[in-house]
Amino acid sequence: QVQLVESGGGLVQPGGSLRLSCAASGNAFIASTMAWYRQSPGKQRELVATITSGGSTNYADSVKGRFTISRDNAKNTVYLQMNSLKLEDTAVYYCRANYYNFGSPYEYTSWGQGTQVTVSS
């Protein structure tokens, strides 16, 4: 089982920036696609951005040009740089990692516990 620990959330004013981190830990695994999701009160969890092990990225239209997802494969860590934050970006942000255990063809998924991002003046 791979554990994910997010950090970097907090309170920021509109137009500000935050950087989220998500570190994966466990025994003998290879992380494949990693992603960030978010969920606001009363809304469904939505996909924010994904990044493959090779570095290919995809973004939700609502964050394109403002958010950047990146990863450090040596550290099994994924980041989300969030710039020009808006009130509507307020949510709990979750990290998700797909991974393989060494010697196994099966892909598994783990989720982090979430980190709160609040954009408010």
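A compact table of results
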read-out: Failed item, numbered, when S84 is tested on (1) in contact with a strand residue (DSSP E or B) (Cβ under 7 Å, 6 or more places away or on another chain); (2) loosely packed, with under 14 Cβ neighbours inside 10 Å; (3) farther than 17 Å from T115 by Cβ; value: (1)
read-out: Matching entry among S110, S56 (being open to solvent by 30 Å² or more (accessible area, probe 1.4 Å) and at pLDDT 95 or above); value: S56
read-out: Hits in the range 13-39 (condition: assigned to a loop (DSSP other than H, G, I, E, B) and at pLDDT 95 or above); value: Q13, P14, G15, G16, S17
read-out: Odd one out for G10, checked against (1) within 18 Å of G112 (Cα to Cα); (2) open to solvent by less than 60 Å² (accessible area, probe 1.4 Å); (3) modelled with pLDDT under 95; value: (3)
read-out: Inter-residue pairs, beta-carbon under 6 Å, first under 15 Å from Q81 (Cβ atoms) and in the range 54-67, second of a type in the set (D, E) and in a loop (DSSP other than H, G, I, E, B), 6+ apart; value: none
read-out: Residue satisfying all of: in the range 42-51; assigned to a loop (DSSP other than H, G, I, E, B) and loosely packed, with under 15 Cβ neighbours inside 10 Å; modelled with the lowest pLDDT among these; value: G42
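The values are calculated or read from the model by the stated rules, or taken from the named source; none is laboratory data. Remember, predicted model here, so these are calculated numbers, not experimental data. Note: ideal-geometry Cβ built from the backbone for every residue, glycine included; neighbour counts use all protein chains shown. Remember, those area values only see protein heavy atoms, side chains included, never the ligands or the DNA or RNA. Shrake-Rupley method; radii C 1.70, N 1.55, O 1.52, S 1.80 Å.
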